[in-house]
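Below is one structure; the comments refer to it alone.
Please treat every number below as a calculation from the coordinates, not as lab data. What you are looking at is a predicted structure, and each value in this text was computed from that prediction instead of being measured. Reconstructed Cβ throughout: ideal geometry from the backbone, glycine too, with neighbour counts over all protein chains shown.
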Amino acid sequence: MYNRVCRFRLCRTLKAGKARNPTRLGKVSGVRCQESTDTRHLTPVHIAARRGDVATENSNGRSSPKYARMEAKMQFRAGVLAGLVGISWIFGAFPVPASAEANLPEAQRFEIQFEGKPFEYFLYVPTNYKPDRKWYVFVSVHAVRSKGSDMTVMFIRDADRDGFLLLCPSFDGNYFKLDAREDEALIQVLKEVAKKFNIQPRIFITGISGGADFALGFALKHPEVILACSLHSVTVYLPSEMEAIKRHFPIVVTCGKEDKESLERTPVLAERLKQHGFSSVQEAYYEGVGLAWNDEAQELCRELFRAASTGLSKEQRSTLEEFKLQVDQENFNESLKSIGQLLKSVRQGPYHTALKEMVKQIENEGLSRLKALQEALKEEPDTLVNELENLARQFPGTDVQRQARLAIQAARKKTAGVAVPDNETGNAGRPGGDEGGEAAASDRKARSLLTNAKNLMGAGNKKAAASTLRQIIDRHPQSSSAEEARKLLTDLGE
């Protein structure tokens, strides 16, 4: 459906003779329908009109013969294209972009009244949203002759992965100039969102072409609510409000080298931002790209959000992910040693805080396992000692290790204080009495260990449960519990 809309808009634009930003024919990496400055998709009349180097009318206000012929050719080609597009809808000649797959989550449409008129916006809330913390709002602004819903498909998956609310407002007219107080409309929308969700006071804002112009104007006019700003294919040099900026924020500016207008203006904008105190301005330019928001530029936008929202560099976040993987694999010892070495060299700041928080999470996991072991193996002090020694080795230098050692001492005292009678079963002296008593005792111990193993599994301590099950198989292979222990080990993937 997206391709159909794009092609319909292209034909309509060509027929109307609109020279500024005709809709692009083709894929735009997740954007349904965007403006284009890529001259490969424009007619000679549109190229000339955009550049401003020819006049399409003569002094009498009528089209000159030369350009009248060009216009006639343009309309003929547009008609042929419209017919082809109509046929393609029937036979499916133009496939739907991958970004338009049906399995994409959908943003909800909302509407507020702004100065007596309806104002539309689209909002996507992550599936894992919980109000126990503040969430950032990621605002993505569409290009001219587009709308908010066209921008949702580009970043909607990132909302779940990176943890933000995606907000895509719909504007019309010359919204990129902010002449009709469009910035205040967005402020009102943010206030509405804040009534329903626990959000951060600062937002991340991005946009393409006219949307980039709006994003820049909004950010400079309301710097107090900006976390960071990413701009693709801007067409402005610098708003006049620039002189009054008191607070600076990180900015990324990108454009394709085939987008001549933006390619001329983007470097000038970046330099002026730096001159006005913006120390974090990143630029990127892409060969063979027009106005399309290419994947590399999108990823740079995402990376800016991740860095600004976490305070961590890409390398630092990658290191934390490696530690999380080690924890998931229960390599607590290696994780704690590596984090301990890093903490000695990392200065106070977001990275230091994140590392300390990870140590705390690992310790909490260890303390939970310690409690589960003590509860599950309270009737088996020898087994408990073995498991506690393993636990102490897994969590070196932590409160888990200290408490495990204290628990080991207590278990050993309990074992030393138990007097075991010479004739534990009371069957000595009778034929076969010792043998039958030993078998019964073995069954009792195996059943007790099996109960402990199940308790450990219920507490999520699969490693300790597997160890206990192996003890049943090794020490009591003939017991009635041994077979069940083997089945449970198989269920655990051992």
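Side notes on the structure shown:
- One decimal place: the segment residue 447-residue 346 gains 31.3 nm when fully extended, by the rule 0.36 nm per residue minus the C-alpha distance.
- Anisotropy class assigned to segment 104-310 is rounded, per the alpha carbon gyration tensor with a/c under the 1.5 cut-off.
- Sparse-neighbour loop sites [trypsin sites (Lys or Arg not before Pro); segment 323-390; at most 15 other C-beta within 10 Å; DSSP]: 347, 378
- For segment 266-380, the alpha-carbon coordinates run over 75, 31, 18 Å along the three principal axes, in decreasing order.
- For residue 445, the shell of other residues with beta-carbons less than 11 Å away shows a net charge of -2, using +1 for Lys and Arg and -1 for Asp and Glu.
- Extension gain from residue 195 to residue 103, taking 0.36 nm per residue of separation minus the Cα-Cα distance: 30.2 nm
- Packing-based exposure ordering (other Cβ within 10 Å, fewest first) of 260, 195, 413: 195, 413, 260
- Applying 1/(1 + (r/R0)^6) with R0 = 25 Å to the Cβ-Cβ distance of residue 414 and residue 475 gives a FRET efficiency near 0.80.
- Of 177, 117, 445, the sequence from fewest to most neighbouring Cβ atoms within 10 angstrom is 117, 177, 445.
- Given R0 = 35 Å, the distance between the Cβ atoms of residue 299 and residue 337 translates into a calculated FRET efficiency of 0.60.
- In this simple spin-label approximation, residue 329 and residue 483 carry label points 7 Å from Cα along the Cα→Cβ vector, and these lie 3.8 nm apart.
- In this label model, residue 280 and residue 492 are separated by 4.7 nm, measuring between points 7 Å along each Cα→Cβ vector.
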